[in-house]
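S.K.: Take this structure first; my questions come after.
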Amino acid sequence: MEAKRILKDFNLKSTSCREQVLRFMLNNDHAVAHSDIEKNIEKGSDRVTVYRTLRTFLDKGLIHKVLDNEGAAKYALCQECNADHHSHEHVHFKCIECDQTSCLDDLQIPEIALPIGYTLLERNLLVSGVCNQCSTN
């Protein structure tokens, strides 16, 4: 039921694919790849439908894109974004043991003073190491 409520809160029509993708993301505490989503939802949604769902979620501020150090895109739920304000300039952490990428929402990316003539559009910071789950195992 939570997925339907969230879709409604973001003024999104509730469809089977949207609900399944959102439920999958809600059940993961780390960023997920398009392929992971495809593998873990019912077979009724094809690759293009999942892609369009992710694009819609990005546009509405429900999720944000996380690039890992191999250039692959993963997606994570936003904490305080909406369609009018979409900011996710926090640190992302990729574990070299379990390969999961997590948002470290409380760690902001430091300000960067660019040379004159350069325009900042987006900042990303990916830190890699061993996550708290893997370091205790």
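The values are calculated or read from the model by the stated rules, or taken from the named source; none is laboratory data. None of the values given here were measured: they were computed from a predicted structure. Ideal geometry is used to build each Cβ from the backbone, glycine not excepted, and the neighbour counts take in all protein chains shown. Accessible surface is based on the protein model in full, side chains and every heavy atom, while ligands, DNA and RNA are left aside. Shrake-Rupley method; radii C 1.70, N 1.55, O 1.52, S 1.80 Å.
S.K.: Placing unit charges on C-beta atoms (Lys and Arg positive, Asp and Glu negative, everything else neutral), compute the dipole magnitude of the chain about its Cα centre in debye, rounded to 20. It would help to have the intermediate numbers written out before the result.
M.R.: Working: 16 positive and 20 negative charges, 135 e Å.
Computed charge dipole of the chain: roughly 640 debye.
S.K.: Give me the mean projected area, in nm² to one decimal, of the convex hull enclosing the Cα positions of the stretch 88-130. Please report the intermediate quantities before stating the final value.
M.R.: Values: hull surface 14.3 nm².
Mean projected area for the stretch 88-130: 3.6 nm², to one decimal.
S.K.: Moving on to the next point. Say a paramagnetic label sat at a point 7 Å from the Cα of K13, along Cα to Cβ; which residues of the stretch 43-58 have their backbone N under 16 Å from it?
M.R.: 49-50, 52-57
S.K.: Provide the packing ranking of 71-79, 127-135, i.e. peptides ordered by the mean count of other C-beta atoms within 10 Å per residue, highest first. Intermediate values should be presented prior to the final figure.
M.R.: Values: 71-79: 15.9, 127-135: 12.8.
Going from most to least packed, we get 71-79, 127-135.
S.K.: So, one more: Taking the Cα-to-Cβ direction at R55 and at E122 and moving 7 Å from each Cα, how far apart do the two end points lie in nm?
M.R.: 1.5
S.K.: So what is the calculated 222 nm ellipticity per residue for the chain, using -39500 (n - 2.57) for each DSSP H run with n of 4 or more, over all residues, to the nearest 500 deg cm²/dmol? Can you show the working numbers first?
M.R.: Numbers: 5 runs with 44 residues, N = 137.
So the helix-based figure for the chain works out to -9000 deg cm²/dmol.
S.K.: Given a 1.4 Å probe, how much area per residue of the chain is accessible, in Å²?
M.R.: On the way: 8970 Å² over 137 residues.
Per residue, the chain has an accessible area of 66 Å².
S.K.: Between N40 and E89, what is 0.36 nm times their sequence separation minus the Cα-Cα distance? Round to one decimal in nm. Could you put the intermediate results ahead of the total?
M.R.: On the way: separation 49, 0.36 × 49 = 17.64 nm, distance 2.82 nm.
So the extension gain works out to 14.8 nm.
S.K.: Carbon and sulfur together cover what percent of the accessible area of the chain at a 1.4 Å probe radius? Please report the intermediate quantities before stating the final value.
M.R.: On the way: 4260 of 8970 Å².
C and S fraction of accessible area: 47 percent.
S.K.: Normalise the Debye intensity by I(0) for the chain, one equal point scatterer per Cα, no solvent, then take log10 at q = 0.10, 0.19 Å⁻¹ and round to two decimals.
M.R.: -0.37, -1.16
S.K.: I need the peptides 114-124, 99-109 ranked by packing, meaning the mean over residues of other C-beta atoms within 10 angstrom, with the highest value on top. Working shown, then result.
M.R.: Values: 114-124: 7.5, 99-109: 14.9.
Per-residue mean Cβ counts within 10 Å order the peptides as 99-109, 114-124.
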